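Reviewing the structure listed below.
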Amino acid sequence: MIPIHPQAYPGDPDRLRWVIPAGVLHCTGRLAAVPPPLDALLSDGTLAEIVAEPTAVVARLGRAVPGRSTAPGYAPPCTSPSNTPTNGVR
């Protein structure tokens, strides 16, 4: 198992960096092929791209994400397991 953890991408709320140990990936740049679950997210526009860095994989949100906003300070509401908005309260 490879340890990973998410990290905000400085200055770009549409990106999320998944930090991984150095040496796990042997390439950098935009990935030409990804596993099927990620490929489906790229195909439907949920993700715009996935880029490999020496110690991270960076995913950028696509324009097809419903309710997506790039307004400063925007945070989507939390949802319960039934997908009912809870306005941040669980």
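Only the coordinates and a few stated rules stand behind these numbers; no lab work does. Worth saying up front: this structure is predicted, and the values here are computed from it rather than measured. Note that we place each Cβ from the backbone using ideal geometry, even for glycine, and neighbour counts take in every protein chain shown.
Does residue 37 count as under 13 Å from residue 59 (Cβ atoms) and touching a residue at least 60 places away in the same chain (Cβ under 8 Å)? Considered against the rule, which asks whether it is under 13 Å from residue 59 (Cβ atoms) and touching a residue at least 60 places away in the same chain (Cβ under 8 Å), residue 37 comes out as no. Does residue 32 qualify as being surrounded by 11 or more Cβ atoms within 10 Å (Cβ to Cβ) and of a type in the set (Gly, Ala, Ser)? For residue 32, the condition - surrounded by 11 or more Cβ atoms within 10 Å (Cβ to Cβ) and of a type in the set (Gly, Ala, Ser) - is not met.
For beta carbons closer than 8 Å, sequence separation of 6+ or different chains, a first residue in region 42-65 that is surrounded by fewer than 13 Cβ atoms within 10 Å (Cβ to Cβ) and a second that is not in a loop (DSSP other than H, G, I, E, B), the qualifying pairs are 63/48. Scanning region 39-53 for residues that are touching a strand residue (DSSP E or B) at 6+ places or on another chain (Cβ under 6 Å) and of a type outside the set (Asp, Glu) turns up 41, 47, 48, 50, 51. The C-beta contact set for region 1-28 (first residue loosely packed, with under 14 Cβ neighbours inside 10 Å, second residue acidic (Asp, Glu), distance under 9 angstrom, 6+ apart or interchain) comprises 28/53.
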